[in-house]
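See structure below.
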Amino acid sequence: MLLTAGLSLQMCVTGALMRPKLTLPEKPCEKSVLLSTFCNFDALCNVRFLIVWLNNLLWNAGFIIVFILLVDYLYSVQGFPEREAVINLSIIAACNAIGRPISGLIGSHKKCNRLHIYATTAMIYGVVIMLYVINDLSMYWYASFSALFGFFLGMQCGVLPAITADLFGAETLMSTFGYLMISNGLGNLIGPPLAGWLVEETGSYKTAFYLSSALTITSSLMMFLIPVFPESHNIQHKKYERVQPNQSSALEKVDK
């Protein structure tokens, strides 16, 4: 826990160092103007964006169930030693790290449709989740399922920022991607208690895995609705000026 907390704190510090400098107008602006600059509410009225937002909510509610229940399921239901069951989480994490750069390399190709990668990978690992409910398999099979699950989950996560920029524009990424992170967090909050309730009501872990798979596959199918809706309502972006390094000092020299 201390190691995880330390890594999270390090990410916060690193992210703070990446914040761009902004030039604010000399005259004081109204709070509504500043708020619209950093929180673009036009995105919430865009049908395409609402589809992507709900998509993120569903697949995050789905995949997190595997992380929460997999070890206990393999240990208490399938009868594997707890140490072997825990290794599956390490396999998922390692393959997830491999899948992210690979999806970036594939998605950077001109002829590649990143939206199709995003939707197809979610569909694949949604099907893989259902394979966990098969009984009387060796640990090698479950480890293979974990490898596939982690790899395709990583591929989906790897192209998420890219498709957000493709669909709504790179200039609105600060607002749109922030809203998607909110949906991701909400999904992670909704999924585990819902799965736990199903396990208690049915007395079986399989229903929770079926729910996880259904949520993920449904989120994947939703993305194929994106081309149906035309880009009739573009997300407006409030532009602001970024200060380049030494730009202010150079302007001062010119004035002098």
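The figures follow:
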{"read-out": "Carbon/sulfur fraction of accessible area - the range 174-225, other protein chains in place, 1.4 Å, %", "value": "74 percent"}
{"read-out": "FRET efficiency for Asp72 and Val47, using Cβ-Cβ distance with R0 set to 51 Å, rounded to 0.05", "value": "0.80"}
{"read-out": "Accessible area (Å², per residue) of the range 141-195, counting only protein heavy atoms and a probe of 1.4 Å", "value": "36 Å²"}
{"read-out": "Separation between Cα centres of the range 190-206 and the range 59-87, rounded to whole Å", "value": "13 Å"}
{"read-out": "Mean Cβ neighbour count within 10 Å, used as a protection proxy, ranking 173-181, 128-136 highest first", "value": "173-181, 128-136"}
{"read-out": "Peptides 100-110, 207-217, 5-15 ordered by average Cβ neighbours within 10 Å, highest first", "value": "207-217, 100-110, 5-15"}
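The values are calculated or read from the model by the stated rules, or taken from the named source; none is laboratory data. It should be emphasised that the depicted structure is a prediction, and the values quoted were computed from it without experimental measurement. We place every Cβ from the backbone using ideal geometry, glycine too, and count neighbours over all the protein chains shown. These accessible areas exclude ligands, DNA and RNA; they are computed on the full protein's heavy atoms, side chains included. Shrake-Rupley method; radii C 1.70, N 1.55, O 1.52, S 1.80 Å.
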